[in-house]
Amino acid sequence: MDFRAILMGLAFVAMWSSAFTSAWIIVAAAPPLTALCLRFLISGLLGVLLARLLGQTWRLTPAQWRATIVFGICQNALYLGLNFVAMQTVEASLAAIIASTMPLLVALAGWLIFGERLPALGVAGLLAGVTGVTIIMGARLQGGVDLFGVGLCAIGVVALTFATLAVRGATSGGNFLMIVGLQMLVGSAVLSVFAVTLETFEVTWSWQLIAAFIYTTLIPGLAATLVWFMLVERIGATRAATFHFLNPFLGVAIAALVLSEPLRLNDLIGVAVIMSGILAVQISRQTKG
């Protein structure tokens, strides 16, 4: 892995982890699905416009179109839509921790569904991940966490897992920025149906809301997705996913720094265990490959 790939990976995890904090600020003042739909519309149009200016085309291959549509629905409409709704009652740090288990679920799916061999280190990593989540959720349940919100986050991370499995097909053949823009427009179109049906447009305007919306639209929304696609193309999905082991820590740290969410001892222990599990799984998959 070269130095540029390392910088791209670190930039991606920092942007990805910060999205939960900025999303929490948004949903505290605006209807979540409507806000997310608008965010995807703006990000998608910007992505497509910039892609056209760079000479990229929307004449994608059939495989690219399929992967782009699946990615747009699973990551944007389902994963982010469910997380935005959940963060009305769930702390940003907990949503980030649940989402960060995605690499573990990808490895588990490969092992149980696709019959991929998982070395002993990988199995130990999966067990560590389960242990870490158990530590965190045990303490949160005693503290009265909203189970419905947690359930939405859990469904969302399963959808994110399917989206991740579709990335390889979406990146082959180039046109990265165009693909990023188009999959966001797919997410906006799907979410618009639910936003119009389920929500009333009531917003408590503030500079914090505007700043969070602009940041979420441009940085985690557009820039992070583009960097992830480029990173996967550069070093492969398995090696790129190694960077996800930093997400639990960064998600909790950013939420504590910006939102003043409490740093609980059980959360810190659980995060450390989950991080070790993710790292073990990714190292085992690289060794296997």
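The values are calculated or read from the model by the stated rules, or taken from the named source; none is laboratory data. Given the structure is predicted, the values throughout are model-derived calculations rather than measurements. Neighbour counts are summed over all protein chains in view; Cβ atoms, including those assigned to glycine, are modelled from backbone coordinates with ideal geometry.
Out of all the residues in the range 41-77, which are in contact with a Ser or Thr (Cβ under 6 Å, 6 or more places away or on another chain) and among the polar types (S, T, N, Q)?
Result: S43, single match.
Could you please let me know if G122 is touching a residue at least 12 places away in the same chain (Cβ under 8 Å), assigned to a helix (DSSP H, G or I), touching a helix residue (DSSP H, G or I) at 6+ places or on another chain (Cβ under 7 Å) and over 25 Å from L80 (Cβ atoms)?
When the stated conditions are applied, G122 passes them.
Considering only residues that are farther than 23 Å from T216 by Cβ and among the aromatic types (F, W, Y), which ones fall in the range 54-87?
If the condition is that a residue be farther than 23 Å from T216 by Cβ and among the aromatic types (F, W, Y), then W58, W65 are the ones that fit.
Among the listed residues V193, V203, identify the single one that is out of contact with any Asp or Glu (no Cβ under 9 Å at 6 or more places or on another chain), over 25 Å from A92 (Cα atoms), surrounded by fewer than 13 Cβ atoms within 10 Å (Cβ to Cβ) and modelled with pLDDT of 90 or more.
V193
Identify the residue in the range 1-14 that is in contact with a Phe, Trp or Tyr (Cβ under 9 Å, 6 or more places away or on another chain) and surrounded by fewer than 24 Cβ atoms within 10 Å (Cβ to Cβ) and, among all such residues, is nearest to A86 (Cα to Cα).
V13
So is G181 small (G, A, S), within 23 Å of L54 (Cβ to Cβ) and crowded, with 16+ Cβ neighbours inside 10 Å or not?
Answer is yes for this residue.
Residues L105, L33, L78, L45: which one is in a helix (DSSP H, G or I), within 25 Å of A14 (Cα to Cα) and over 17 Å from the mean Cα position of the chain (by Cα)?
Going through L105, L33, L78, L45 in turn, just one is in a helix (DSSP H, G or I), within 25 Å of A14 (Cα to Cα) and over 17 Å from the mean Cα position of the chain (by Cα): L45.
Within the range 95-137, track down each residue that is crowded, with 19+ Cβ neighbours inside 10 Å and either among the small types (G, A, S) or touching a strand residue (DSSP E or B) at 6+ places or on another chain (Cβ under 6 Å) (or both).
A95, A96, A99, S100, A107, G122, G125, A128, G129, G132
Looking at (1) in a helix (DSSP H, G or I); (2) at positive phi, find the lone condition where A23 falls short.
Result: A23 passes all but (2).
When you look at A211, is it part of a helix (DSSP H, G or I), surrounded by fewer than 24 Cβ atoms within 10 Å (Cβ to Cβ), of a type in the set (A, V, I, L, M, F, W, C) and over 17 Å from the mean Cα position of the chain (by Cα), yes or no?
Answer is yes for this residue.
Select from the range 24-38 the residues that are in contact with a helix residue (DSSP H, G or I) (Cβ under 6 Å, 6 or more places away or on another chain) and either at pLDDT below 95 or of a type in the set (A, V, I, L, M) (or both) and list them in ascending order.
I25, I26, V27, A29, L33, A35, L36
If we keep just the residues of the range 267-289 that are surrounded by fewer than 16 Cβ atoms within 10 Å (Cβ to Cβ) and polar (S, T, N, Q), which is farthest from the chain's Cα centre (by Cα)?
T287
List, please: which pairs have Cβ atoms under 6 Å, are six or more places apart or on different chains, and start with a residue in the range 45-68 that is modelled with pLDDT under 90 and end with one that is in a loop (DSSP other than H, G, I, E, B) and exposed (fewer than 14 other Cβ atoms within 10 Å of the Cβ)?
T61/G173; Q64/G173
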